[in-house]
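S.K.: Can you keep this structure in mind? I'll have questions shortly.
Rule-based calculations on the coordinates, nothing more; no lab input. None of the values given here were measured: they were computed from a predicted structure. Don't worry about glycine lacking a Cβ; one is built from the backbone with ideal geometry, like all the others, and counts go over all protein chains shown.
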């Protein structure tokens, strides 16, 4: 008996060591936040008490996935296989329960009302004479979400005793938009598009299910696989068969497929002479096409449309409104329960119409004119995912319209793949802003979750940063952006810091000596890039042609509103853009308390200053510094912050496997080089405009301005130039 | 003691099982043929006798790689750690020995002369009172090659007792050409380009070293990372820094970097008014540029050039010869020991000049006019990597020119990623053909390896099928093409069947019950695709715009020599292209015995028949069938062969892990669908031309010809259409 125990002990050690070695080999980031590393004692013993076996009564495809995840997760973390049984045989059983199919729910009279079709309950209870943990929901997918939630409890080292977790999503459509072409060019900074159309529907690459699993683990329930500059081929039978195969893979994970649709598809595919949304033949074409799509995908989610924007066609061409354009598609989808998502990213060629005003000007007159299955998808800011923007005034500005939020999970303007930039902190800044749309407390998050205007159909969309790179996102810290997008889409009121801590614990280690510094770094990363790129409300200072590298001198783009100089407004006298009543009057699109604060130089937050005001270089800031000196200090501070991030990361070496540590170390070094590049190019340019000396402590640029200009001419593609 | 042994036994079992489980999880093909799976007893015991420890005296970067590989391989296969020692301490030591640095070589008087700088010797001997196996070479890379060779001995279950292996490459430059753009579009059917220029030189992705290791394992010693339609940016300092970082990674693996160069670079980068190769400023520009490149990459290999072809500029524009164009670059490279590789794929717009004649017509008058560091790189056939072509008459046709061979490892015309098509069999068919250039026995292989014409500078180039797909090549069986390319470049006289058997043993299992059928299938795959696509010497029957799917009716391409109808010559009266003396007289480019055989209907091999002859439908074949009936039977037999391959593969399930088995199964099913598509489209079209009935046993097409024509119009991209 004693020998036997010793044997088992040694065996367990051996296996654990082998497992550890195996894991170490595989630390290429592919496992994301679902690594399920062994929990050390005595914590593991605690968890084992409430994870002795898994009770699964009826195994639907989704419940089978929940079961597989729990077996994989609990076995991996607790170091013993988990048996699956049809009924509880011992204390510590985990019971999966679906309303109407599980005795546990009725026996325990669990309060299932109000959980909807995606919420869940995790409750410790005594059932059939055993102490159990019930994961209960009204639907299979609710149980799946609950299973991931239960696993997270252990991954982040929370107790699993006396559980009473009740959770449900606050937003209905939590959707990833993939900006991927049919030839697999992905705007994700992480490799090719995941979707291998050339081999679908025959070959269903295993990565499709892995991707769906990761999404399900954070509650994402919708996917648009094709880019918003939609290729009409996607709606031909040949491609619909392929899309249907993807939908089949995604379905058990609770994920619906949507498609980007092109407004002119009736012409290109249908051979019609017009795509006028009010033309009866066009209406019929869309209705027929939608009916056809539902024969391939019975639970098709709906369409996403980019219209009248950046060269994409739209209803404007036929003198119709955006509502006319949206409603014809919405009507076609309605009988099937489909949803039409219409992007608010519309802007015209009128050079006298401040670009940041246009979406509001176009959509607020249409408030109330959209069908009830239409969502208008609005970017977080009025411009285009800049390092910082004030929230879009459409949040709160269209009370009778279903307004959804669109954010970029891909860091198009924020360092591409390499920079450590935690977007959770960025999004939280937007979400926690008060719109005052219905008085104080009308946070953007509360507009988005529907509570401010009793909006029933809600949406949170993220432009995906996911590609074929082995680590899915191009860097480990980019994974945090995918993760935090899912968590904030589930609950826009959630704390970015808590989410970061959960992610770091699951992705690396729950050791608090690691979590503290790494979460501080993630939260600080948000300001670092803003500082060296475009502080104090500057925007759009990127190189022309691609969004990589600084070009504050840029004045050659064909449209004035694509030129960096138009967004910094810098001249001998000062800097900034006047968007107050004396300027473009963009500020008036906000609710009066917000507009008043942005207009008032005494009350406006420094971080939005130059977005709203053109000010002289010697303007005295709240800090006591002149605007010039403060601007220079911000550029410099961005570099200092990145160097702090490097130092923090270097000290965390003991907590991180070699492979991921090395990659992040190199990426931080690249970020530092680019931060210096931005700082110096910014300083060189603005100094050439202002003619002012640098404040003490700010070093002059390494090269003259001409050097930075010459460098940009070499940058045909966005590549690291050093 | 007994308990302890039992304990160890159980432990070993446990670890082995865990390892097996771990391996099973990881069977995604990433490990290629370097999997090092455990050898079962008693074979493992045999191998352990001659692999007790590893003796490494001085650890250069390359020797360190050889050491790591042997430790990894022997530990993995023999189930015990391998210790590394500075001198032999026991019998069974493996000794790494480099001429001039190793006592073993002098002590044992090993015959190192003639091994050159890449050959090696593996010899069992007694040294310093121990039985050892010496892996000896004149250079570090020779030892690395020997290490892989020694490991292969075990991987393929050959004995390691009494070894006396002496091997060296027969071809000097064994080079992969990557047809990859700077934005990472790879023409490899296996994902993006491997080279992440956006993050180089700072970030050296671990896959670069993994790729170099795989190449070294099969003797590939040169790489061109950028496409032949060369982008001039590649030669700017920004990119040269990136290329230099790649070169640093490749160097210890014995791999040199070459670059594709654009003939007009002096204009585009240098600002010159001309790229005339005889212009002194142009010569100086190239000399300066080459000198600059060598400051970044001291062992830079040289240039690869595509000129005067498919829109690429070339010396013709300046009324200069291909030799003029090549020599200016060769002169610039010469002082550094660099090599200039000039592609023979030149053809003009002259519609009266049979395209397959042009390379020979252009290059043979220049024979003897190229510098001695120029290699003219000639495609295996005179057209363009078709399912079957006669060998290019430039093999044997230019005795005073360094002629290298170029093959496509990527299956551009052979089913892209999915089809099982073993190219080793295809290439062997070319290599073993007799050119009669210097009488009987002047095999293409002997031209290539330099023996026929005493050619000192030899080359074998493969257009790479390697991309970012997890399994590198898009399918497991595509890996066999990378592997066999390396093996045949090392020795063009090697047997494709032996190579296939080695590959299958290393990639799957050395079980002979598996190897036999899978090698038969690989060898048969070569004829299967030729049969259903274009048997009897037909060529270029692919859809216009991309090379996916059948279009024998194609007559719309802008150039006559891009149109399928020009290559089948089918009309009411018959089919084929007359390239005999009464036709285009292409046949006269061959040595007289070869020309005579191709011209003689009695002696020509059926497989080249319609390449050389236009014949009536009722022409009586050697089989006794009419040409029409035989053609139809070939189309049909291709499908039958694919179905046989499916059946064989299905029966091999017990030998293959689930993941790779499933993927190959699906790919074979796709190949079968496409085989039916080809057969039916071919039959439908040719029947519309001939008006003849199908022979017994050949089923009519599933659809009318119009259906296949309509399908092609939907195929904007090469995607699986079913």
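S.K.: Averaged over A:706-719, how many beta carbons belonging to a partner chain fall within 10 Å of each residue's beta carbon?
M.R.: Mean partner shielding for this stretch: 3.
S.K.: Per-residue mean of other chain beta-carbon atoms within 10 angstrom of the beta-carbon, peptide B:644-653?
M.R.: For this peptide, the per-residue mean of nearby foreign Cβ atoms is 0.
S.K.: Also, I was wondering about something else. Per-residue Cβ counts within 10 Å, from other chains only, averaged over A:660-669: what number is that?
M.R.: Shielding by partners across A:660-669 averages 2.
S.K.: If you take the C-alpha gyration tensor of region A:59-167, multiply each eigenvalue by 5 and take the square root, what semi-axes do you get, largest first, in whole Å? Don't skip to the end; give the middle numbers.
M.R.: Working: eigenvalues 73, 48, 40 Å².
Semi-axes (√(5λ), whole Å): 19, 15, 14.
S.K.: Using alpha carbons only, how many degrees (0 to 90, rounded to 10) separate the axis of helix A:496-507 from the longest principal axis of chain A?
M.R.: Between the helix axis and the principal axis of chain A, the angle is about 50 degrees.
S.K.: Which value does Rg/Rh take for region B:407-456 over its C-alpha atoms, Rh per Kirkwood? Provide the component values of the computation, followed by the final result.
M.R.: Working: Rg = 14.0 Å, Rh = 12.3 Å.
Rg divided by Rh gives 1.14.
S.K.: At residue B:352, with labels set 7 Å past Cα in the Cβ direction, how many nm apart are the copies from this one, shortest first?
M.R.: Here residue B:352 shows inter-copy label distances of 6.5 nm.
S.K.: Further question: In nm, give the distance between the simple-model label positions of residue B:657 and residue B:605, each being 7 Å from the Cα along the Cα-to-Cβ direction.
M.R.: 3.8
S.K.: Could you sort the peptides B:219-230, B:687-698, A:334-345 by per-residue average Cβ neighbour count (10 Å cutoff), highest mean leading?
M.R.: Numbers: B:219-230: 24.2, B:687-698: 14.3, A:334-345: 22.3.
Per-residue Cβ counts within 10 Å, averaged per peptide and sorted highest first, yield B:219-230, A:334-345, B:687-698.
S.K.: Turning to a different aspect of this structure: To the nearest 10 degrees, how steep is helix A:627-651 against the longest Cα principal axis of chain A, on a 0 to 90 scale?
M.R.: 30
S.K.: Using a ≥ b ≥ c from the Cα gyration tensor of region A:157-295 (square roots of the eigenvalues), is it rounded, prolate or oblate, where a/c under 1.5 gives rounded and otherwise the larger of a/b and b/c decides, a/b for prolate?
M.R.: prolate
S.K.: Between residue B:669 and the same site in the other copies, what are the distances in nm, shortest first, taking label points 7 Å from Cα along the C-beta direction?
M.R.: Taking the point 7 Å beyond Cα along Cα→Cβ, the inter-copy spacings are 4.8 nm.
S.K.: Given a cut-off of under 8 Å on Cα pairs at least six residues apart, what relative contact order in percent is computed for region B:277-435? Numbers along the way, then the final one.
M.R.: Details: 217 pairs, mean separation 28.3, N = 159.
Here the relative contact order equals 18 percent.
S.K.: If you don't mind, another one. Return one number: the angle in degrees, 0 to 90 and rounded to the nearest 10, between the long axis of the Cα atoms of helix B:322-333 and the longest principal axis of the Cα atoms of chain B.
M.R.: 20
S.K.: Continuing with this model, one more query. At a threshold of 8 angstrom on Cα-Cα distance, excluding pairs fewer than six apart, so keeping six or more, what relative contact order does chain A reach in percent? Don't skip to the end; give the middle numbers.
M.R.: Numbers: 1406 pairs, mean separation 76.7, N = 722.
Taking the mean separation of contacting Cα pairs over the length of chain A, I get 11 percent.
S.K.: Pairs of Cα atoms under 8 Å, at least six residues apart: use those to get the relative contact order of region B:234-288, whole percent.
M.R.: Here the relative contact order equals 20 percent.
S.K.: Put one equal scatterer on each alpha carbon of region A:563-709, apply the Debye formula with no solvent term, and list log10 I(q)/I(0) at q = 0.13, 0.19, 0.20 1/Å to two decimals.
M.R.: After summing over all Cα pairs, the log10 values are -0.72, -1.10, -1.16.
S.K.: Assign one of three labels to region A:124-167, namely rounded, prolate or oblate, based on the Cα gyration tensor with a ≥ b ≥ c the square roots of its eigenvalues; rounded applies when a/c is under 1.5, prolate when it is not and a/b is larger than b/c, and oblate otherwise. Could the numbers behind the result be given before it?
M.R.: Numbers: a/c = 2.26, a/b = 1.08, b/c = 2.09.
Oblate shape, in that a/c is at least 1.5 and b/c is the bigger or equal ratio.
S.K.: Can you classify chain A as rounded, prolate or oblate using the Cα gyration tensor, where a ≥ b ≥ c are the square roots of its eigenvalues, rounded means a/c under 1.5, and otherwise it's prolate if a/b beats b/c and oblate if not?
M.R.: Since a/c reaches 1.5 but b/c is at least a/b, the shape of chain A is classed as oblate.
S.K.: Sticking with this one: Using the 7 Å Cα-to-Cβ label point, sort the distances from residue A:559 to its equivalents in the other copies shortest first and give them in nm to one decimal.
M.R.: 4.0
S.K.: For the ranges A:474-482, A:406-414, what's the packing order if you count other beta-carbon atoms within 10 Å of each residue, average per peptide, and put the highest first?
M.R.: So the order, starting with the most tightly packed, is A:474-482, A:406-414.
S.K.: Once the Cα gyration tensor of the protein assembly as shown is found, what semi-axes does its equivalent ellipsoid get, as square roots of 5 times the eigenvalues, in whole Å, sorted largest first?
M.R.: One finds semi-axes of 53, 41, 36 Å for the protein assembly as shown.
S.K.: So, in Å, what gap is there between the alpha-carbon centers of region A:607-684 and region A:90-166?
M.R.: Result: 46 Å between the Cα centres.
S.K.: For the ranges B:177-183, A:664-670, B:655-661, what's the packing order if you count other beta-carbon atoms within 10 Å of each residue, average per peptide, and put the highest first?
M.R.: B:177-183, A:664-670, B:655-661
S.K.: Can you give me the Cα centroid spacing of region A:208-223 and region B:505-583 in angstrom?
M.R.: 42
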